[in-house]
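So the structure is just underneath, and the comments pick up after that.
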Amino acid sequence: TVSPRSNTALVFGGSRGIGAAIARRLAREGHPVALTFVSQPEKAVAVVASIQADGGQAIALQADSADAQAIASSVKQAVDTFGPLQVAVVNAGIYQGSPLADFPTDLLDRMLAVNVRGVFLAVQAAAAAMNDGGRLITIGSNTAVRSGAVGSSVYAMTKSAVATLVRELALDLAPRRITINNIQPGPIATDITADFVDQLVQRNPLGRVGQPDEVAGLSAWLASHEAAYMTGSSLTIDGGWAI
Ligand code: NDP
């Protein structure tokens, strides 16, 4: 008898915002979901509870994406619980703007650690625990194309790094039929944008901000069998902001 292939999805940074919407959506598509968080356990527990209330399977794991050891052990716990990964979504990321003259060095270091180093380490650890033919998805940003906002330089740099990393890693992963693609959202209604949502709405060609579920829908497609021929791509979903 052939044992059925595991269908585990791991979402790095799945407790709030875009990551929480992706975790819920992948659970609805039938994936047992492991999600990581760093600072707000109660939010992570709430996402797990809502997935379970819908009849899905989920666990929450505390793992700072700046910590290689924590990333490795979250992957191990996900696999120990639900089996090898079919999908991994690297969503954990932080945004804080500052003009050049005042840019704090510790903020520079933290954004590089989470948004760049953490993405590489998460992809590396997830790929090692993934089924052949699996799916890796990163959440970059439309600022890799164009931000148009003073103070976003370092954040945009980190997200450009993600887009380039994904394009190149597609070649490393192709022999195992693992695809890797990068979603580049524009302004989405989450905690990151809550304080300046009116400004964002005004500037956006489509006259609104996006909803986390709209990004989750694209993730679900990238995670599906239909997306098997797409790899190394960055897909911008931003209401036309970066045009
Ligand atoms: P939120 O701040 O709403 O949520 C961030 C999520 O990532 C939370 O689950 C948080 O966990 C987790 N997280 C943050 N830092 C770490 C860390 N060091 N280790 C593990 N988990 C972590 O952000 P959004 O949903 O808005 O953003 C998600 C991603 O989308 C980010 O990569 C962001 O850069 C990107 N993005 C967002 C846009 C937007 O307009 N909102 C636009 C373009 C890109 P916890 O609750 O424990 O803090």
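The values are calculated or read from the model by the stated rules, or taken from the named source; none is laboratory data. Values in this document were obtained by computation on a predicted structure and should not be read as measured data. No Cβ is skipped: glycine too gets one built from the backbone with ideal geometry, and neighbour counts run over all protein chains shown. SASA here: full protein model, heavy atoms, side chains in, ligands and nucleic acids out. Shrake-Rupley method; radii C 1.70, N 1.55, O 1.52, S 1.80 Å.
Residue by residue, region 29-40 carries 3J(HN,Hα) couplings of 7, x, 8, x, 10, 9, 10, 9, 8, 10, 10, 10 Hz when phi is fed to the Karplus relation 6.51 cos²θ - 1.76 cosθ + 1.60 (θ = phi - 60°); x denotes Gly or Pro. Among the chymotrypsin sites (Phe, Trp or Tyr not before Pro) within region 177-243, those in coil by DSSP and having at most 11 neighbouring Cβ atoms inside 10 Å are Tyr229.
Computed from the C-beta positions of Met157 and Arg203, the FRET efficiency with R₀ = 25 Å rounds to 0.70. Axis angle, to the nearest 10 degrees, between helix 118-128 and the longest C-alpha principal axis of the chain: 20 degrees.
Of interest is the spacing of the C-alpha centroids, which for region 93-146 and region 191-243 amounts to 17 Å. Probing with 1.4 Å while keeping every protein chain in the model, the per residue accessible area of the chain equals 47 Å².
What relative contact order, as a whole-number percentage, does the chain give when Cα pairs under 8 Å and 6 or more residues apart are counted?
Numbers: 498 pairs, mean separation 49.5, N = 243.
Dividing the mean separation by the residue count of the chain yields 20 percent.
Adding -39500 (n - 2.57) for every DSSP H run of four residues or longer, then dividing by how many residues the chain holds, sets the calculated 222 nm ellipticity at -12500 deg cm²/dmol.
Rounded to the nearest 0.05, the FRET efficiency derived from the C-beta distance between Leu100 and Gln40 at R0 = 25 Å is 0.20. Residues whose amide H lies under 5 Å from that of Ile180, counting only those 5 or more places away or on a different chain, are Leu136, Gly232; hydrogens are built 1.01 Å from N in the peptide plane. Taking amide H atoms as placed 1.01 Å from N in the peptide plane, the amide H of Leu85 lies under 5 Å from those of Met130, Asn131, each 5 or more residues away in sequence or on another chain. In the chain, the longest principal axis of the Cα atoms and the axis of helix 68-82 are about 40 degrees apart.
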